[in-house]
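Okay, so here's the structure we're looking at.
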Amino acid sequence: MRVTTIATLLAFSAGSAFAWGNLGHETIGFVAQSFLAPNALSFVQTTLGSVWNFSLGPAAIWADEVKGETAFKWSANLHFVDAEDNPPTSCSVNEQRDCANNLCILGAIANYTTRVVDTKLDDEQIMEALLFLDHFLGDIGQPLHVEAFEVGGNDISAKCSGESSSNLHAVWDTGMVTKHIDQSHGGTPQQYATDLVAEIKTGSFESETAQWLACTNPTETLSSRALVHPGAQIEADVRALVARAGDAEDATITPLACPLAWAAESNAFDCTVVFNFTTGEDLCSGAYFNAAIPVIDLQLAKQGFRLAAWLNVLFDGSTMLP
Ligand SMILES: [Zn+2]
């Protein structure tokens, strides 16, 4: 089976310079898995199978593993949106400006949302759609995946835990996440996800989850509709998209409200936190690390919760979440 081969071959060579690293993606997948409604859970387990241990956790890294392969080179530009803003002075995402021809993470989420429920596709195509959604709903929460400046921070050298050879993007993808999991969450993405799920259910995130499902732009006030029915916009997005994709004569990708709102939230952190450091500062300790970790906790928890909501609407008809 091709996926097995690819996963095995690349497990040791996959670069993590351009995405939440494996730990971050796995954490998001495990968070999502624990909030799946019955039909979505059954779909995920059947579709992923034993190759991915029936779970969105391990499966979340596939899209990074294949993007260097000749057969999947086309997918590399789908992991981000190049927001042409000016952090930390001004931050913004604009679909027309930043996502030409829909060839960015915004268009990719819309595309794979329609494909994951397209009964005309074969099993492997549907599995790939799920694997891409699992990954892209994670990447869109990484602030530097919604930033064009200095190639999303890849061209800014940075120090992490005494190592000067890193760059800003890699520190956010991997450096800080790894140190945080080792220091505070038992060293595994499973434990980290368990701890974030507890924060969502009964902890510091409990009061925020309605807002996470509302898809409001951080610069807008929370609409009363979102408070009455959290998830309404997610449901509207998914239903409009699926209904339209079923109409062969009008099968263009509809711009979605939610992924754009998620991208805007991530991008806002580029102005408030991500680019606020001084040259030579060690980003994996001290003030910068202490400011970044709550953002990482929030973004991983939020995107895992949203991934579950997204799949629940597709397979169970509503977000099925508090
Ligand atoms: Zn990625």
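Nothing in this text is a laboratory measurement; each read-out follows from the coordinates by a stated rule. As the structure is a computational prediction, the values presented were derived from the model and not from experiment. Glycine also receives a Cβ, built like all others from the backbone with ideal geometry; neighbour counts cover every protein chain displayed.
Evaluate E = 1/(1 + (r/R0)^6) for Ser90 and Thr194, where r is the Cβ-Cβ distance and R0 equals 45 Å; express this FRET efficiency to the nearest 0.05. Don't jump to the answer; show the numbers that get you there.
Working: r = 38 Å, r/R0 = 0.84.
Computed FRET efficiency for Ser90 and Thr194: 0.75.
Which Rg and Dmax, in Å, describe the Cα atoms of the chain?
18.4, 57
For the chain, modelled as a Gaussian network with Cα springs under 10 Å, which listed residue fluctuates most, Thr113, Thr27, Thr194?
Between Thr113, Thr27, Thr194, it is Thr194 that shows the largest mean-square fluctuation.
Taking 41 Å as R0, compute the FRET efficiency from the Cβ-Cβ separation of Asn39 and Ile293 and round it to 0.05. Display every interim value, and only then the final one.
Details: r = 35 Å, r/R0 = 0.86.
Efficiency for this residue pair is about 0.70.
First obtain the Kirkwood hydrodynamic radius of the stretch 16-88 from its Cα pairs, then insert it into the Stokes-Einstein equation at 37 °C and 0.692 mPa s, and state the resulting D in µm² per second as a whole number. Show your work: numbers first, answer last.
Details: Rh = 13.8 Å.
Here the translational diffusion coefficient equals 237 µm²/s.
Between Lys159 and residues 5 or more places away or on another chain, which pairs have amide H atoms under 5 Å apart, with H built 1.01 Å from N, and which residues are they?
Leu283
With +1 on each Lys and Arg Cβ and -1 on each Asp and Glu Cβ, and nothing else charged, work out how big the dipole of the chain is about its Cα centre, in Debye to the nearest 20. Each step should come with its number before you reach the end.
Values: 14 positive and 38 negative charges, 90 e Å.
Value, rounded to 20: 440 debye.
Helix hunt in the chain: which complete DSSP H runs extend at least 30 Å axially by C-alpha with mean Kyte-Doolittle at least -1.0? Kindly include the intermediate steps, with their values, before the conclusion.
On the way: long enough: 286-316 (44 Å, 0.70).
Long hydrophobic helices here: 286-316.
Lys pairs in the chain, Cα-Cα under 28 Å, at least 8 apart or on separate chains: how many?
Here the count comes out as 10.
Neighbouring Cβ atoms within 10 Å as the yardstick, rank Glu163, Glu265, Glu147, Glu199 fewest first. Mind showing how you got there, number by number?
Working: Glu163 12, Glu265 24, Glu147 30, Glu199 15.
Lowest to highest Cβ neighbour count: Glu163, Glu199, Glu265, Glu147.
Between Ala236 and Gln125, with labels modelled 7 Å along Cα→Cβ, what's the label distance in nm to one decimal, could you check?
Each label point lies 7 Å from its Cα, and together they span 3.1 nm.
Say each of Thr70 and Asp182 gets a label point 7 Å from the Cα, pointing the same way as Cα to Cβ; how far apart are those two points in nm?
Going by the 7 Å Cα→Cβ label model, 3.8 nm.
Please state the charge dipole magnitude for the stretch 115-184, taken about the Cα centre, from unit charges on C-beta atoms (+1 on K and R, -1 on D and E), reported in debye and rounded to the nearest 20. It would help to have the intermediate numbers written out before the result.
Values: 4 positive and 13 negative charges, 61 e Å.
Charge dipole of the stretch 115-184: 300 debye, to the nearest 20.
What's the exposure ranking of Asp118, Asp237, going from fewest to most Cβ atoms within 10 Å? Numbers along the way, then the final one.
On the way: Asp118 15, Asp237 24.
Final ranking by Cβ density, sparse to dense: Asp118, Asp237.
Sort Phe136, Phe72, Phe35, Phe277 so that the residue with the fewest other Cβ atoms within 10 Å of its own Cβ comes first and the one with the most comes last.
With the fewest neighbours first, Phe136, Phe72, Phe35, Phe277 line up as Phe72, Phe277, Phe35, Phe136.
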